[in-house]
Amino acid sequence: MTKSYPGRPLLIVAGPTASGKTELALAVAEKFGGTIINADSMQVYSELRVVSARPSAAEETRAPHKLYGILPATERYSAGRWREMAVREIEAVWREKRLPIVVGGTGLYIKALLSGLSEIPGVPEDIRSAARATYDAIGARAFHARLAGVDPEAAARLPETDTQRLLRAYEVYLATGKSLSHWHRAAPATEPLPADVQMVLLAPPREDLYVRCNDRFDRMMAQGALDEVAALVALGLDPTLPAMKALGVPELAAHLAGAMTRKAAVEKAKQATRNFAKRQITWFRNQIEKPDVILAQYSERNNEKIFSEIFSRY
């Protein structure tokens, strides 16, 4: 029997990048008195408004927004830290008698709320240093292959370009003798959030989504993405920091360094965005069970259908 948690409604709007999550969340927030809580790992960084497709200043005036632009690019973030912050925000929204709307495409964050998180032992600094030294010595491709030998699930999930997560998976194996995938399957150390959860999963046809990814990156460029990346590069940050790996940042940074033309950088960034969207689609298909509604693509034409079929309890 499904548990009920009176007074604790929670709406989750999930899906791949460029699928219309921000627009849907805003429509629901305006209709039902909601507060929007970010579940996108790049939209937490203050320096990345444009390239992370963070809600605009105008959009943020339409409803309360939480956990957007709250960290400097110098920091590393984790699902565990996000969960702690998100739970605090959700509980504050409930106290205000409003509807919390968690929106984003970082699947691990959403799963952390729905299923809890497994406790993973800490990794000593000397092991972190050893893993990094190995990566630097053999390069991304060989390191990815080495990880595949000890944690094939993580290697299959992570691209060669995701340095931070590749290192994290390898560090955990070195420190514990067990794969990160093993720890993720272990019984969660944190319980699922007690809430009446509803989820809308946006799942556009792949080709339609790819067109939207391309169009959105063109808009980002028109909105100043190149200037934003130039300002980020000027900070002289560690290139392994998550913010430096955000979609579009490595490519535009390479262009600014003279390593490729603007046109080539834009095309490569678009390809990286499409590849990321493909991985997100696969993750949600395999990890999220029975969302309340799956929409092919958000459109204002869907509002009445969404409002009547999904949110009648609100």
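The values are calculated or read from the model by the stated rules, or taken from the named source; none is laboratory data. Only a predicted model underlies this, so the values are computations on that prediction, with no experimental measurement involved. Note: ideal-geometry Cβ built from the backbone for every residue, glycine included; neighbour counts use all protein chains shown. Surface areas here come from the heavy atoms of the whole protein model, side chains and all, with no ligands, DNA or RNA. Shrake-Rupley method; radii C 1.70, N 1.55, O 1.52, S 1.80 Å.
What's the total number of residues in the range 123-152 that are of a type in the set (A, V, I, L, M), in contact with an Asp or Glu (Cβ under 8 Å, 6 or more places away or on another chain) and assigned to a helix (DSSP H, G or I)?
Residues flagged as of a type in the set (A, V, I, L, M), in contact with an Asp or Glu (Cβ under 8 Å, 6 or more places away or on another chain) and assigned to a helix (DSSP H, G or I) within the range 123-152 amount to 3.
Please work out which residue is modelled with the highest pLDDT, limiting yourself to the range 118-149 and to residues that are surrounded by fewer than 17 Cβ atoms within 10 Å (Cβ to Cβ) and among the hydroxyl-bearing types (Ser, Thr, Tyr).
Only one residue tops the list, namely Thr134.
Filter the range 38-97 down to residues that are without any contact (Cβ under 8 Å) to a residue 40 or more places away in the chain and of a type in the set (S, T, N, Q) and give me whichever is most open to solvent (accessible area, probe 1.4 Å).
This residue is Thr61.
Go through the range 155-164 residue by residue and tally those that are open to solvent by less than 40 Å² (accessible area, probe 1.4 Å) and either at pLDDT 90 or above or of a type in the set (A, V, I, L, M, F, W, C) (or both).
2
Surrounded by fewer than 16 Cβ atoms within 10 Å (Cβ to Cβ), over 21 Å from the mean Cα position of the chain (by Cα), in a helix (DSSP H, G or I) and touching a residue at least 24 places away in the same chain (Cβ under 8 Å): does that describe Ala253?
no
Which condition from (1) open to solvent by 80 Å² or more (accessible area, probe 1.4 Å); (2) touching a residue at least 40 places away in the same chain (Cβ under 8 Å); (3) not polar (S, T, N, Q) is the one that Pro152 breaks?
(2)
For the range 10-25, what are the residues that are open to solvent by less than 30 Å² (accessible area, probe 1.4 Å) and closer than 23 Å to Val87 by Cβ?
Those that are open to solvent by less than 30 Å² (accessible area, probe 1.4 Å) and closer than 23 Å to Val87 by Cβ: Leu10, Leu11, Ile12, Val13, Ala14, Gly15, Lys21, Leu24, Ala25.
Go through the range 231-250 and give me each residue that's open to solvent by 20 Å² or more (accessible area, probe 1.4 Å) and under 15 Å from the mean Cα position of the chain (by Cα).
Matches in the range 231-250: Met244, Lys245, Leu247.
Return the residues of the range 303-314 that are at pLDDT 70 or above and closer than 26 Å to Ile281 by Cβ; say none if nothing qualifies.
Once the filter is applied, which keeps residues that are at pLDDT 70 or above and closer than 26 Å to Ile281 by Cβ, the range 303-314 yields Asn303, Lys305, Ile306, Phe307.
Would you tally the residues in the range 165-224 being modelled with pLDDT under 85, of a type in the set (Lys, Arg) and open to solvent by less than 80 Å² (accessible area, probe 1.4 Å)?
Summing the residues that are modelled with pLDDT under 85, of a type in the set (Lys, Arg) and open to solvent by less than 80 Å² (accessible area, probe 1.4 Å) in the range 165-224 gives 0.
If I ask for residues that are of a type in the set (Val, Ile, Thr), within 25 Å of Ala18 (Cβ to Cβ) and part of a loop (DSSP other than H, G, I, E, B), which ones from the range 58-115 would you list?
Within the range 58-115, Thr61, Ile70, Thr106 qualify.
Mind listing just one residue for me: the one in the range 1-42 that is within 21 Å of Phe217 (Cα to Cα) and among the charged types (D, E, K, R) and, of those, farthest from the chain's Cα centre (by Cα)?
Out of the qualifying residues, it is Glu23.
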